[in-house]
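Asker: Take this structure first; my questions come after.
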Amino acid sequence: MPQVDVVDETFVVAPPGAVAAVFADPAAWRGFWPDLRPKVYADRGDEGMRWTVTGALTGTMEVWLEPVLDGTLLHYFLRADLPGSPSPRRLHREKTRRQLAAKALAFRLKTILEDGRAPGCAP
């Protein structure tokens, strides 16, 4: 079982292809995950992407894009270990930090991709 196991879901009112395009750009990854070095092992197109990660953590990461109604359910998974033998307190802090970072990224993408769309209006 990984030491850091993060799962997040956020609904984005944008087509899966638009969300996939954001994650398809390797230049953007440094901004999303500055202390990780992702390496693609499965590019699933409009369905998302899977990476192995090294750097501050070692493990796997996935973005799965599920078409739902007039948008995309963005599923995010990070399953990784910290180097060495971290204390339970450090593990808890790291997991919390990664959970907050995942949600912040999802909300940032919502802001950009939904482009000020009012609730209840078509994308």
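Asker: How many residues does segment 32-58 hold that are in contact with a Leu (Cβ under 7 Å, 6 or more places away or on another chain) and not in a helix (DSSP H, G or I)?
Answerer: 6
Asker: Might you let me know whether segment 7-20 holds any residue that is among the charged types (D, E, K, R), outside any helix (DSSP H, G or I), buried (at least 16 other Cβ atoms within 10 Å of the Cβ) and in contact with a strand residue (DSSP E or B) (Cβ under 7 Å, 6 or more places away or on another chain)? Walk me through it before giving the result.
Answerer: As a first pass, look at segment 7-20 and keep what is among the charged types (D, E, K, R): 8-9.
From what's left, outside any helix (DSSP H, G or I): 8-9.
So of that shortlist, the ones also buried (at least 16 other Cβ atoms within 10 Å of the Cβ) come out as 8.
Narrowing further to those that are in contact with a strand residue (DSSP E or B) (Cβ under 7 Å, 6 or more places away or on another chain): 8.
Yes, there is a match, as at least one residue in segment 7-20 is among the charged types (D, E, K, R), outside any helix (DSSP H, G or I), buried (at least 16 other Cβ atoms within 10 Å of the Cβ) and in contact with a strand residue (DSSP E or B) (Cβ under 7 Å, 6 or more places away or on another chain).
Asker: Please give the number of the condition P67 fails out of (1) in contact with a Leu (Cβ under 9 Å, 6 or more places away or on another chain); (2) in a helix (DSSP H, G or I); (3) not polar (S, T, N, Q).
Answerer: Against the list (1) in contact with a Leu (Cβ under 9 Å, 6 or more places away or on another chain); (2) in a helix (DSSP H, G or I); (3) not polar (S, T, N, Q), P67 comes up short only on (2).
Asker: Tally up the residues in segment 97-107 that are in contact (Cβ under 8 Å) with a residue 24 or more places away in the chain and farther than 20 Å from T52 by Cβ, please.
Answerer: Matching residues across segment 97-107 total 4.
Asker: Under 12 Å from the mean Cα position of the chain (by Cα), surrounded by 16 or more Cβ atoms within 10 Å (Cβ to Cβ), small (G, A, S) and under 20 Å from Q3 (Cα atoms): which single residue out of A56, A101, A106 fits that description?
Answerer: Working: A56 fails: under 12 Å from the mean Cα position of the chain (by Cα); A106 fails: under 20 Å from Q3 (Cα atoms).
It is A101.
Asker: Only one of these conditions is not met by R30: (1) in contact with a strand residue (DSSP E or B) (Cβ under 7 Å, 6 or more places away or on another chain); (2) free of Cβ contacts under 8 Å to residues at least 24 places away in the same chain. Which number is it?
Answerer: (1)
Asker: Separate question: Within segment 83-98, restricting attention to residues that are surrounded by fewer than 18 Cβ atoms within 10 Å (Cβ to Cβ) and charged (D, E, K, R), which residue is nearest to D25 (Cα to Cα)?
Answerer: Per the criteria, the residue is R97.
Asker: In this structure, is A80 closer than 23 Å to T54 by Cβ, in a helix (DSSP H, G or I) and touching a strand residue (DSSP E or B) at 6+ places or on another chain (Cβ under 6 Å)? Don't jump to the end; show me each part of the working.
Answerer: Details: closer than 23 Å to T54 by Cβ: yes; in a helix (DSSP H, G or I): no; touching a strand residue (DSSP E or B) at 6+ places or on another chain (Cβ under 6 Å): yes.
So A80 does not fit the description; no.
Asker: To continue, here is another question. Could you tell me which numbered condition A80 fails, if it satisfies all but one of (1) surrounded by 14 or more Cβ atoms within 10 Å (Cβ to Cβ); (2) of a type in the set (G, A, S); (3) modelled with pLDDT of 95 or more; (4) within 30 Å of C121 (Cα to Cα)?
Answerer: (4)
Asker: Something else now. Take the residues in segment 109-123 that are in a helix (DSSP H, G or I) and of a type outside the set (K, R), then tell me which one is nearest to the chain's Cα centre (by Cα).
Answerer: Just the residues of segment 109-123 that are in a helix (DSSP H, G or I), to begin with: 109-114.
After this cut, where a residue has to be of a type outside the set (K, R) as well, the list is 109, 111-114.
Values: L109: 10, T111: 15, I112: 15, L113: 15, E114: 17 Å.
Step by step, filter segment 109-123, then rank; the result is L109.
Asker: Would you point out the residue of segment 59-71, among those that are modelled with pLDDT under 95 and in contact with a strand residue (DSSP E or B) (Cβ under 9 Å, 6 or more places away or on another chain), that is surrounded by the most Cβ atoms within 10 Å (Cβ to Cβ)? Talk me through it step by step, then tell me what you get.
Answerer: Going through segment 59-71, the residues modelled with pLDDT under 95 turn out to be 68-71.
Filter once more, keeping what is in contact with a strand residue (DSSP E or B) (Cβ under 9 Å, 6 or more places away or on another chain): 68-69, 71.
Values: V68: 13, L69: 8, G71: 21.
Here the residue is G71.
Asker: Filter segment 83-96 down to residues that are without any contact (Cβ under 8 Å) to a residue 60 or more places away in the chain and not in a helix (DSSP H, G or I) and give me whichever is nearest to K110 (Cα to Cα). Break it down into steps so the answer makes sense when it comes.
Answerer: Taking segment 83-96 as the starting set, the residues that turn out to be without any contact (Cβ under 8 Å) to a residue 60 or more places away in the chain are 83-85, 87-90, 92-93, 96.
Next, from what is left, pick out any that are not in a helix (DSSP H, G or I): 83-85, 87.
Details: P83: 33, G84: 36, S85: 37, S87: 35 Å.
So the residue we want is P83.
The values are calculated or read from the model by the stated rules, or taken from the named source; none is laboratory data. These figures come from a predicted structure and were not determined experimentally. Glycine also receives a Cβ, built like all others from the backbone with ideal geometry; neighbour counts cover every protein chain displayed.
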